[in-house]
1. Extent of the range 1-93 along each principal axis, from alpha carbon coordinates, in Å, largest to smallest?
2. If I build a Gaussian network model for the chain, linking alpha-carbon pairs within less than 10 angstrom, which residue out of 225, 48, 142 has the largest mean-square fluctuation?
3. So what is the calculated 222 nm ellipticity per residue for the chain, using -39500 (n - 2.57) for each DSSP H run with n of 4 or more, over all residues, to the nearest 500 deg cm²/dmol?
4. Over the range 18-284, one equal point on each Cα, no solvent: what is log10 I(q)/I(0) by the Debye formula at q = 0.11 Å⁻¹?
5. Near residue 82, within a Cβ-to-Cβ distance under 9 Å, what is the net charge of the other residues, with Lys and Arg +1 and Asp and Glu -1?
6. Can you grab the distance from the C-alpha centre of the range 168-210 to the C-alpha centre of the range 35-83, Å, no decimals?
7. Which of the lysines could a cross-linker bridge to residue 8, judged by Cα under 16 Å and excluding same-chain residues fewer than eight apart?
8. Can you list, largest first and rounded to whole Å, the semi-axes you get for the range 167-230 by taking the square root of 5 times each eigenvalue of its Cα gyration tensor?
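A short reminder: the numbers here are calculations on the coordinates, not readings from a lab. Note that the coordinates shown come from a computational prediction; the quantities given were computed from them, not determined experimentally. Methodologically, a virtual Cβ is constructed for each residue, glycine included, from the backbone with ideal geometry; neighbour enumeration extends over all protein chains shown.
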Amino acid sequence: MVKDHMGKISSRRDDSHKGDYGKVLVVAGSKGMAGAAYLCSMGALRSGSGLVTCAVPRPLSAVLETKFTEVMTLSVSADAGGTGFGVKSLGDILDFAGKCDSVAIGPGLGDKPGVLKLVPELLNNIECPVVLDADGLNAMRGKVERIKKRKGPTVLTPHPGEAARLLEEDTRSVQDDRVGAAKRLVESTGAVVCLKGHGTVVAGQNSDIFINDSGNSGMATGGTGDVLTGIITSFIGQGLEPYGAAVSGVYLHGMAGDIAAQRKGPFSMIASDVLDSLHEAFSKAGI
C-alpha cells in the first residue's frame, strides 16, 4: 500500500503562519535553463512550503524576478563567463542555506567548470537536508563518497542516465535491474534514492523498496523532474523524514501527471500542466 510508505503530511492549524511550513532554498538555473529554476521553485511552493527562495546567478536575476511573484530570489555572483553559478557563488549560498530547512540543488545548473567545483563544496558545507538532481548529480560523478560524508541527509533523484554515471555503469545495466541499481546507489552514497522512470523506485538505508504506480507517458517531457525535486524538498522542509518525503513526492507528482493527462492528453502535456494539477492531486489524497 502506498500509504504504508508515505510520510505523514500534517494538517494545517488555523493559527499557523508561514514560518511553520518550512523555509526552502532552490539552487538552480543558468543561461538558457532559467525555466528549470522556475519549475523547481514553484513545485516547492505549490507543495505547501511557507517560504521559497531561488538562488540565481546575478545576470539571470532580473529575468526570474519578473517571472516569479511569490518566490523570492537570492542574486549571487556568477562564474567567470557571467552565465551561471561558480565558486564565487559559494559564500552567498552558504550564508542563506544556514537559515533554511531544506535545499534543492541541481536543476538547470549546466556543466561549466565552476558548477563542477561548486556542487561538492555545497554538499560539504550545507548541514540541512539536500535534494540533489540533474546537473547537481552529474557534478558528483566520481565523487559519490563525498555524498556519504555529508553532515545532513541527502535525497538523490536521478534518471537512468544520471544513475549510470554515478554508478560508473551503462544505462542499460541500470534499466535491466532498476531495483538493484537503486540499492547500489543507496549503498555507495548513504542517500535516499529516487530512480526515476516508469515505475520510479524509491530506496533508502533500512527502508523498504517502493515502486511507484502513478504517472504516465505524458510526463516524459522536459521539466517534470524539476517539479518533483521541488515537491520532495518542500515536504522535507515541512518536517517529513527524507524517505517518506520522497515516496510522497513521487506518488503525488505522478498523480498530478495523471490528472493533467486527463485534461490535456499525454501527447500535449508539458511540465507546467503537472505543476498546475498538484492542488487536485493533494486534494484527492486527502491533504
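1. Taking max minus min along each principal axis of the Cα atoms, the range 1-93 gives 48, 33, 25 Å.
2. Fluctuation is largest for 142.
3. Working: 13 runs with 130 residues, N = 287.
After summing the helix terms and dividing by the residues of the chain, the value is -13500 deg cm²/dmol.
4. Each listed q corresponds, in turn, to -0.52.
5. Values: positive: 31, 58; negative: 79.
Residues close to residue 82 contribute a combined charge of +1.
6. 30
7. 284
8. Values: eigenvalues 80, 39, 27 Å².
After diagonalising the Cα gyration tensor, the semi-axes are 20, 14, 12 Å.
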